[in-house]
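Input: a single structure, listed below in structure tokens.
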Amino acid sequence: MRIGVPREIKDHEYRVGLVPAGVAELVHAGHEVWVERGAGAGIGIADERYAAAGARLVDDAAAIWRDAGLIVKVKEPQPAERALLHDGQVLFTYLHLAPDPAQTADLLASGATCIAYETVTAPGGALPLLTPMSEVAGRLAPQVGAHALEKAQGGRGVLLGGVPGVAPADVVVLGGGVAGSHAAAVAAGMGASVSVLDRSAAVLRRLDERFGGRVRTLTASREAVAEQVAQADLVIGAVLVPGAAAPKLVTRAMLATMRPGAVVVDIAIDQGGCFESSRPTTHSQPTYVEQGIVHYCVANMPGAVARTSTLALTNATLPFVLALAHRGWRQALAEDPHLRAGLALHAGRLASEPVAQAQDRPWVAAELLLAPA
């Protein structure tokens with residue numbers, strides 16, 4: 001199979017879909033890999049390393065989109081890229097379709113087979129291709145939140161860890177999953193006073209055991225969320241409903257109770273965000289102020305630490321890329337229910353029920369789409 005790796009074109013997105021080690025594995029297995037020149041430059045991987053691994057370097061991204069049978073990316077295809085996607089092609093990347101009807105419409109019109117990293121599963125219900133980036137985003141959230149709290153950035157002028165004789169910042173984390181637990185760990189490590197809210201008693205119990213009481217755990221009722229948000233210096237939104245739009249846990253009315261210059265960091269922005277006032281931002285312009293509250297809603301947070309993120313992501317994706325290349329998408333998905341869970345669209349038909357519900361579209365179960373044409 002011919003696998004194509006285009007350079008990412010989203011704002012300040014320097015990650016890349018395959019590193020040279022992955023290229024070498026694919027080439028050794030008999031596949032052809034085309035890599036756009038400069039695809040790895042943002043994380044210090046020179047074209048020569050790709051060439052040494054056996055890749056064919058391509059000057060024109062359009063050629064990759066035209067001629068590769070399997071496209072491996074990081075971020076959802078941008079409008080210019082979606083225009084190049086075509087029938088018979090397989091796209092394997094993050095999609096985050098639920099809050100993005102324009103992307104869904106373009107991908108349906110392309111006729112391509114699109115498999116979303118974020119809904120591929122593992123035994124026990126884990127999300128192995130989302131987890132590495134959730135870990136990165138969670139660890140980044142207190143860091144970017146601390147910066148946004150600085151007075152010069154529009155924040156309250158509060159140091160996250162405080163100093164002797166001055167109380168630390170109050171950090172509230174909404175959601176105790178992968179991203180939320182990592183956010184809590186880093187915030188607590190920076191000396192903040194941390195509270196985590198989640199609806200699952202099992203999650204709260206696990207967090208209490210992990211942190212030994214250093215982090216407060218609270219059941220995420222509406223009343224509790226409103227109370228904690230009102231007194232917070234920094235609120236980190238880390239809720240996830242796999243494949244679906246994020247629930248709006250913090251309303252504008254709740255936002256109005258926060259102290260001017262407080263900060264919200266919305267890790268869930270890829271899925272529409274969990275603050276009613278959230279809208280996607282970029283690394284070029286990461287924040288905005290609404291109702292006196294600084295919002296950080298960058299839709300590709302892990303791109304800020306692109307080298308770490310690429311290595312973590314490609315370690316997780318490579319086995320699935322190899323399966324798709326070796327067996328073809330139809331057989332690979334038929335044999336692996338966890339990879340099959342990632343199927344979002346095929347030949348103009350939607351295969352994701354959460355996306356269908358979010359956008360009021362018809363959908364077809366993946367098992368039906370696997371039947372030979």
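I'm trying to understand the selection: among the residues of segment 230-264, which are among the polar types (S, T, N, Q) and in contact with a strand residue (DSSP E or B) (Cβ under 7 Å, 6 or more places away or on another chain)?
GLN231
Scanning segment 218-238 for residues that are among the charged types (D, E, K, R) and assigned to a helix (DSSP H, G or I), which turns out surrounded by the most Cβ atoms within 10 Å (Cβ to Cβ)? The residue in question is GLU227. Being surrounded by 19 or more Cβ atoms within 10 Å (Cβ to Cβ), on the phi > 0 side of the Ramachandran plot, of a type outside the set (Val, Ile, Thr) and not in a strand (DSSP E or B) is the requirement here; does GLY303 meet it? Criteria not met by GLY303.
Restricting attention to segment 184-205, the residues that are over 24 Å from the mean Cα position of the chain (by Cα) and farther than 24 Å from GLY161 by Cβ total 3. Set side by side, the residues GLN359, GLN331 differ, and just one is within 30 Å of ASP266 (Cα to Cα) and not aliphatic (A, V, I, L, M), which is GLN359.
Considered as a group, the residues in segment 284-300 that are modelled with pLDDT of 95 or more and surrounded by 17 or more Cβ atoms within 10 Å (Cβ to Cβ) include one that is farthest from HIS346 (Cα to Cα), and that residue is ILE293. For segment 252-274, the set of residues classified as closer than 17 Å to LEU240 by Cβ and in contact with a helix residue (DSSP H, G or I) (Cβ under 7 Å, 6 or more places away or on another chain) consists of VAL265, ILE267, CYS274, listed by residue number.
A single member of GLU76, GLU8, GLU25 is closer than 20 Å to ALA312 by Cα, in contact with a His (Cβ under 8 Å, 6 or more places away or on another chain) and either assigned by TED's automatic domain parsing to the domain that holds LEU339 or not in a loop (DSSP other than H, G, I, E, B) (or both), and it is GLU76.
The values are calculated or read from the model by the stated rules, or taken from the named source; none is laboratory data. These figures come from a predicted structure and were not determined experimentally. All Cβ positions, glycine included, derive from the backbone under ideal geometry; neighbour counts span all protein chains shown.
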